[in-house]
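Every number in this text was worked out from the coordinates using simple rules, so none of it is lab data. Given the structure is predicted, the values throughout are model-derived calculations rather than measurements. Here the Cβ is made from the backbone with ideal geometry for all residues, glycine too, and neighbour counts use every protein chain on show.
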Amino acid sequence: MTMWSMLLFWIPVCIGIVAFCYFVKHSRTNKLLMLSFLPIVFFIVQIVKYTYIESQEIFIFYVVGLFISVVFFIMILSYFYKK
């Protein structure tokens, strides 16, 4: 379980770092990307703070939320890439 948590931590972090480096100008696009990355950061923090004392449903909720947040972020990236 710990390995999955760390994997779920590093994949979005790497995606975020690459996206941030790609859009280094302080523009409206960059601000929107940073705002769309905030839900990913929230769910990453919640997954890392998860303990085995908490119920399994909470962990599944965090993982699903992280997945939806990553999909949302990828959609925004593809929208700005097409522009």
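Region 53-69 and region 11-40 have Cα centres separated by 23 Å. Sequence-ordered 3J(HN,Hα) estimates for region 40-56 from the Karplus curve with 6.51, -1.76 and 1.60 and θ = phi - 60° stand at 5, 4, 4, 5, 5, 4, 5, 5, 5, 7, 4, 10, 6, 6, 6, 6, 5 Hz, glycine and proline given as x.
Run the numbers on region 1-77 and let me know its relative contact order in percent, using alpha-carbon pairs under 8 Å that are six or more apart. Don't skip to the answer; put the middle values down first.
Values: 38 pairs, mean separation 27.6, N = 77.
Once divided by the residue count of region 1-77, the mean separation gives 36 percent.
Projecting the Cα atoms of Asn30, Tyr50, Trp10 onto the charge dipole of the chain, computed from C-beta unit charges around the Cα centre, puts Asn30 farthest toward the positive end.
Just to confirm a number: summing +1 for Lys and Arg and -1 for Asp and Glu over residues other than Gly65 whose beta-carbon lies under 15 angstrom from that of Gly65, what do you get? Walk me through the intermediate numbers first.
Working: positive: Lys49; negative: Glu54, Glu57.
That works out to -1.
Taking every alpha-carbon pair in the chain and binning the separations at 5 Å intervals from zero gives 3, 14, 26, 22, 14, 10, 6, 3, 1, 0 percent.
Work out, step by step, the length gained on full extension between Ile58 and Val13: first 0.36 nm times the residue separation, then minus their alpha carbon distance; give nm to one decimal. Numbers along the way, then the final one.
Details: separation 45, 0.36 × 45 = 16.20 nm, distance 2.14 nm.
This chain segment gains 14.1 nm when fully extended.
Among Ile11, Ile53, Ile44, the residue with the largest mean-square fluctuation in a Gaussian network model of the chain, with springs joining Cα atoms closer than 10 Å, is Ile53. Within the listed set Val48, Val70, Val24, the residue fluctuating most in the Gaussian network model of the chain (springs between alpha-carbon atoms under 10 angstrom) is Val24. Take every Cα pair under 8 Å whose residues are at least 6 apart in sequence, average their separation, divide by the length of region 34-83, and the relative contact order is 50 percent.
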